[in-house]
Amino acid sequence: MIETVVSADMLIEEVVKVKKNHLAPDFPSGKEKRLSIVSGLHGDEVAGQYICYELIRRIKMQFEKLKGIVDVYPFINPMGLEAQSRVIPVFDTDMNTLFPGSEEGTFGEYTAARVLQDIKGSDICIDIHSSSVYLKEIPQVRINEDVADILIPYAARMNMDVIWVHPSSTVMAGSLVHSLNEAGVKAMVVESGVALKIDYEYANRIVDGIFCLMSDMGIWDEPVEDSCISKIARDSDVAFVNAESSGIFIPAVSHSARIGKGDVIGQIVNVLTGSVEETIYSPRAGIVFSLREYPVIEEGSLVARIFGGTDD
Amino acid sequence: MTKKVIYSMNTAYRGEYTIYGYTFGNGEESACIVGAMRGNEFQQLYICSLLSKKLYELEGKGSVVSGKKILLIPSLNYSSFNVGKKYWISDNSDINRAFPGNPEGQATSRIAAAVLNQVSGYAYGIQFASFYMEGDFIPHVRMMETGKQSTSLANQFGMPYVLTAELRSYDKSTLNYNWQIRGTEAFSVYSGATETIDEESAQNAVSSVLRFLTRMGIIRYNCHAGYISTILDEEELLNIKSEKASGFFRKLVRPGTEVKRGEIIANIVNPMTGEIADDIYAPTDGIIFYTQNSPMVYQNTILFKIIRRLHN
Ligand SMILES: [Zn+2]
């Protein structure tokens with residue numbers, strides 16, 4: 001059943017509508033578990049669009065196996081998706097900094113409050129992101145430290161390579177996931193790939209992971225096995241590699257490949273002189289967890305994150 | 001006046017990007033003034049330019065009290081002005097959400113860390129801030145309730161209002177908060193406009209700062225007494241929104257206008273028909289504190305903030 005969660009008239013004629021698809025058994029007992037899937041908070045991240053489609057398609061194909069409630073909210077920032085804008089167009093605000101929002105607040109805060117209210121009461125919520133245009137990310141679940149113990153058992157079933165316990169902006173105060181955890185909903189972020197693109201392999205793994213979780217929750221009446229054992233990354237397990245010069249980044253490694261300590265991650269080159277400004281080496285052995293996708297670099301730009309042992 | 005480098009970094013196409021500070025007087029770190037942090041803060045930068053000239057004149061006349069030093073940093077982010085962006089040129093991040101910063105992080109985080117390092121230790125900190133919504137205000141000094149704020153000091157600016165505000169989720173990443181936590185008495189001065197120059201309120205903001213510096217014994221300057229500030233909790237401001245319709249925002253009042261309950265204070269006009277889609281009424285007797293200044297508004301946008309008139 002398709003419902004409009006919140007709507008507002010835009011400047012001229014058109015209406016912005018946040019919608020959800022409420023999937024529930026035909027004859028509910030009233031005791032069903034409820035899972036909410038959210039995407040499109042950032043309008044430049046499109047992987048969640050395919051994931052929502054594929055999830056709904058697969059549920060409908062075997063609808064008799066649905067024993068609980070799945071609410072899918074594919075586009076929380078619909079005009080951002082239309083306009084290829086990460087933030088809310090016109091208001092120029094990152095939607096994922098506005099939670100818990102306010103009924104008295106302006107458009108974005110009001111929308112945030114209504115969305116949050118609608119998701120409350122869910123047992124679990126997955127907020128699907130796909131990085132930014134700058135970095136490509138390995139498929140991962142992100143959770144904040146304060147709720148890590150509660151969430152790790154659920155996150156581990158999401159079929160992702162890594163569970164990163166880290167104060168990322170998507171799980172910190174102001175984010176949907178943070179507000180939901182405070183309201184007693186077990187909420188986590190799934191992050192993978194890069195903005196503006198759909199990596200279908202990653203996306204299908206995320207859909208499989210959602211079915212694992214649904215099966216565990218008793219929402220999907222079929223045992224589902226996860227194909228991958230997630231490694232837990234604490235902050236000391238991840239090294240950040242930032243550029244100390246500017247220019248164009250040319251990678252020497254592949255994303256998600258293994259790298260040794262001291263191996264070359266890539267070079268930053270000067271396009272005018274044809275010279276190499278900086279060669280960037282890995283500070284530790286591990287896997288290339290994040291890799292720079294957008295090649296224009298300034299001093300300080302994040303080039304890679306390496307997940308592995310310690311620096312020595 | 002001595003020009004000093006606050007932070008300098010390498011960029012791909014703009015060469016070296018350098019943030020400058022200007023000091024007046026010598027001796028103990030008495031007052032630090034920070035101007036535009038975002039690329040649309042034309043008014044804030046303009047106020048700094050006026051203040052810079054004034055402080056240079058006062059220094060020349062020996063009117064900076066001996067043993068006192070003032071630091072002025074007009075802009076942290078002038079590249080964003082140059083490319084017409086509100087936030088950081090390369091990644092759209094907001095410097096005023098990057099504090100306390102990390103000297104080994106990304107550009108805005110490095111800038112925040114360097115600036116905080118340079119401005120910490122001053123007894124008083126003044127920042128010319130802009131609001132997260134576009135619009136015009138009654139000029140005021142805003143203080144976050146960190147537990148370290150002093151409204152009696154804020155009164156010394158002689159601005160019409162001192163606004164105290166509860167901490168919001170993102171406040172901990174602002175300059176003002178981190179300044180206060182490090183022991184500086186920090187104030188945010190809101191002068192009225194942002195993207196346009198309001199000459200009168202710019203002059204008033206300069207006078208307010210000079211008044212404050214005089215009263216704190218940092219400069220000698222003949223100034224008018226200013227206002228006896230009314231202290232107001234931000235929570236007491238009443239939001240008035242375009243709840244029913246979107247369209248042209250025809251406002252009938254300005255910041256400072258006294259309104260009566262039931263008075264029409266704006267019309268929302270249908271852009272196609274010219275018909276009034278909705279009348280906006282004052283819900284209470286009061287004074288207009290804030291007005292939206294966009295020509296057109298979405299439904300559910302905050303149009304006004306009103307100070308309720310208290311009846312005895
Ligand atoms: Zn995102």
>> How many angstrom lie between the Cα centre of segment A:187-264 and the Cα centre of segment B:47-90?
In response: 45 Å
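Work out, in µm²/s and without decimals, the Stokes-Einstein translational diffusion coefficient of segment A:174-238 at 37 °C, 0.692 mPa s, Rh from Kirkwood over C-alpha pairs.
In µm²/s, the coefficient is 230.
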> Going toward the positive end of the dipole of segment A:186-245, with +1 on Lys and Arg Cβ and -1 on Asp and Glu Cβ, which of A:Ser215, A:Ala239, A:Asn204 do you reach last?
Replying inline: A:Ala239
> Counting only DSSP beta bridges with both residues in segment A:2-233, what percent are antiparallel, rounded to the nearest 5?
Replying inline: 40 percent
>> Multiplying the sequence separation of B:Ile231 and B:Arg168 by 0.36 nm and subtracting their Cα-Cα distance, what value in nm do you get?
In response: 20.7 nm
> Near A:Lys65, which aspartates and glutamates are there with a Cα under 17 Å away, not counting those fewer than 8 places off in the same chain?
Replying inline: A:Asp26, A:Glu32, A:Glu54, A:Asp208, A:Asp216, A:Asp221, A:Glu222, A:Glu225
> When DSSP assigns beta bridges and you keep just the ones with both residues in chain B, what percent turn out antiparallel, to the nearest 5?
Replying inline: 60 percent
> Once you put a point 7 Å from the Cα of B:Asn222 and another 7 Å from the Cα of A:Lys261, both along the Cβ direction, what distance in nm separates them?
Replying inline: 7.1 nm
> Cα to Cα, under 16 Å, and not fewer than 8 places away if on the same chain: which aspartates and glutamates meet these conditions relative to B:Lys241?
Replying inline: A:Asp9, A:Glu103, A:Glu104, A:Glu109, B:Glu134, B:Asp136, B:Glu263, B:Asp278, B:Asp279
> Assigning unit charges at the beta carbon (Lys, Arg +1; Asp, Glu -1) and nothing else, what dipole magnitude in debye, to the nearest 20, does segment A:2-233 show about its Cα centre?
Replying inline: 440 debye
> To two decimal places, what compactness ratio does segment A:237-307 give when its Cα radius of gyration is scaled by 2.2 N^0.38 Å?
Replying inline: 1.02
> Once both labels are modelled 7 Å past Cα along the beta-carbon direction, what's the A:Lys31-A:Leu272 spacing in nm?
Replying inline: 7.3 nm
> What relative contact order, as a whole-number percentage, does segment A:205-280 give when Cα pairs under 8 Å and 6 or more residues apart are counted?
Replying inline: 20 percent
> Among the DSSP beta bridges whose two residues both lie in the protein assembly as shown, what percent are antiparallel, rounded to the nearest 5?
Replying inline: 65 percent
>> Under 10 Å, Cα contacts only: if you run a Gaussian network model on chain A, which one of A:Ser131, A:Ser29, A:Ser39 comes out with the highest mean-square fluctuation?
In response: A:Ser29
> Based on the alpha carbon coordinates of segment A:105-203, what radius of gyration and maximum Cα-Cα distance (Dmax) apply, in Å?
Replying inline: 13.7, 40
> Label B:Glu243 and B:Asp279 with points 7 Å out from Cα along Cα→Cβ: what is the distance between them in nm?
Replying inline: 1.6 nm
>> Just to be sure I understand the curve: with the Debye formula and one point per C-alpha of segment A:2-233, what is log10 I(q)/I(0) at q = 0.10 Å⁻¹?
In response: -0.41
> Which residue, chosen from B:Ile306, B:Gly158, B:Thr2, occupies the Cα position most advanced towards the positive end of the dipole of chain B, where the dipole is computed from +1 (Lys, Arg) and -1 (Asp, Glu) charges on Cβ about the Cα centre?
Replying inline: B:Thr2
>> Give me, ordered by chain and number, the residues 5 or more places off B:Lys68 or on other chains with an amide H under 5 Å from its own placed amide H.
In response: B:Asn26, B:Glu28
> Which entries of A:Lys120/B:Lys305; A:Lys17/A:Lys136; A:Lys60/A:Lys120; B:Lys54/B:Lys305; B:Lys86/B:Lys244; B:Lys54/B:Lys172 show an alpha-carbon separation above 27 angstrom in the structure shown?
Replying inline: A:Lys120/B:Lys305; A:Lys17/A:Lys136; B:Lys54/B:Lys305; B:Lys86/B:Lys244; B:Lys54/B:Lys172
> Quick one: what does P(r) look like for segment A:180-312 with 10 Å bins over all Cα pairs, in whole %?
Replying inline: 11, 30, 30, 18, 8, 2, 0
> Among the aspartates and glutamates, which fall within straight-line cross-link reach of B:Lys69, defined as a Cα-Cα distance under 17 Å, with same-chain neighbours fewer than 8 residues apart omitted?
Replying inline: B:Glu28, B:Glu29, B:Glu57, B:Glu59, B:Glu185
> Which percent of Cα pairs goes in each bin when the distances of the protein assembly as shown are cut into 20 angstrom slices starting at zero?
Replying inline: 18, 47, 31, 4, 0
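Give the relative contact order (percent, whole number) for chain B; include only Cα pairs under 8 Å separated by 6+ residues. Could you put the intermediate results ahead of the total?
Numbers: 734 pairs, mean separation 49.6, N = 312.
Here the relative contact order equals 16 percent.
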> Per residue and in cubic angstrom, what volume does the convex hull of the Cα atoms of segment B:2-228 have?
Replying inline: 116 Å³
>> Looking at segment B:231-298, I'd like the Rg to Rh ratio, where Rg is from alpha-carbon atoms and Rh is Kirkwood's inverse mean 1/r.
In response: 0.99
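Only the coordinates and a few stated rules stand behind these numbers; no lab work does. What you see is a predicted model; the values in this text were computed from it and never measured. Glycine also receives a Cβ, built like all others from the backbone with ideal geometry; neighbour counts cover every protein chain displayed.
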